[in-house]
Amino acid sequence: MLIARVVKRVGERKIIPIAIAAIALSIGLLPFVWSVPTLLVALGLLAMGMGFNNPSLSSMVSKLSHEDDQGGTLGLASSLASLGRVVGPAWGGYMYDAFGMTTPYLSAAGLMFVAFLMSLVGLRSR
């Protein structure tokens, strides 16, 4: 209910970069959280970012693809998301083992920051 109202008012092109930035910020904050209230703030920010990003991204992929290719494009996007859910934990485990406890979070935050920049450029150029 909330997401639909916000997206109608603001639009996916503005929501997606903001949501990705929220995800990057919250993941980057997680290694530095040492109390329950700050953990709840960081996780709340992460949940809001993910909650706004996922449906907005699916909607934008659907809108930007040709009518005849929407199913295939959404399937490809879903496959890439699944690949990320496989590769991400493996990468995080490697980073944890090789470099310590904070590096999985910081590397994920860095990747999300790159995604944020790409979303700014990609959604502006369309």
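For the chain, the 222 nm mean residue ellipticity estimated from helices alone, with every DSSP H stretch of n ≥ 4 adding -39500 (n - 2.57) and the total spread over all residues, rounds to -30000 deg cm²/dmol. Remark: relative contact order (the chain) = 39 percent; criterion is Cα-Cα distance under 8 angstrom and separation of 6 or more residues.
Axis angle, to the nearest 10 degrees, between helix 70-99 and the longest C-alpha principal axis of the chain: 10 degrees. Projecting label points 7 angstrom from Cα along Cα→Cβ for Ser65 and Arg124 puts them 2.7 nm apart. Measure nothing but the geometry: give the 0 to 90° angle between the long axis through the Cα atoms of 36-64 and the longest principal axis through the Cα atoms of the chain, rounded to 10°. Tilt of helix 36-64: around 20 degrees.
Assuming charge only on the beta carbon of Lys and Arg (+1) and of Asp and Glu (-1), the dipole of the chain about its Cα centre is about 500 debye to the nearest 20.
Mean projected area of the convex hull spanned by the Cα atoms of the range 2-125, taken over all viewing directions: 8.5 nm².
Loop-located chymotrypsin sites (Phe, Trp or Tyr not before Pro) in the range 26-65 (DSSP state not H, G, I, E or B) with no more than 12 neighbouring Cβ atoms inside 10 Å: Trp34. For Trp91 and Ala77, the difference between the fully extended length at 0.36 nm per residue and the C-alpha to C-alpha distance is 3.0 nm.
None of the figures in this text is laboratory data; all of them are computed from the coordinates on show. Everything quoted here is computed from the prediction, not taken from an experiment. So basically every Cβ, Gly included, is an ideal-geometry build from the backbone, and we count neighbours across all protein chains shown.
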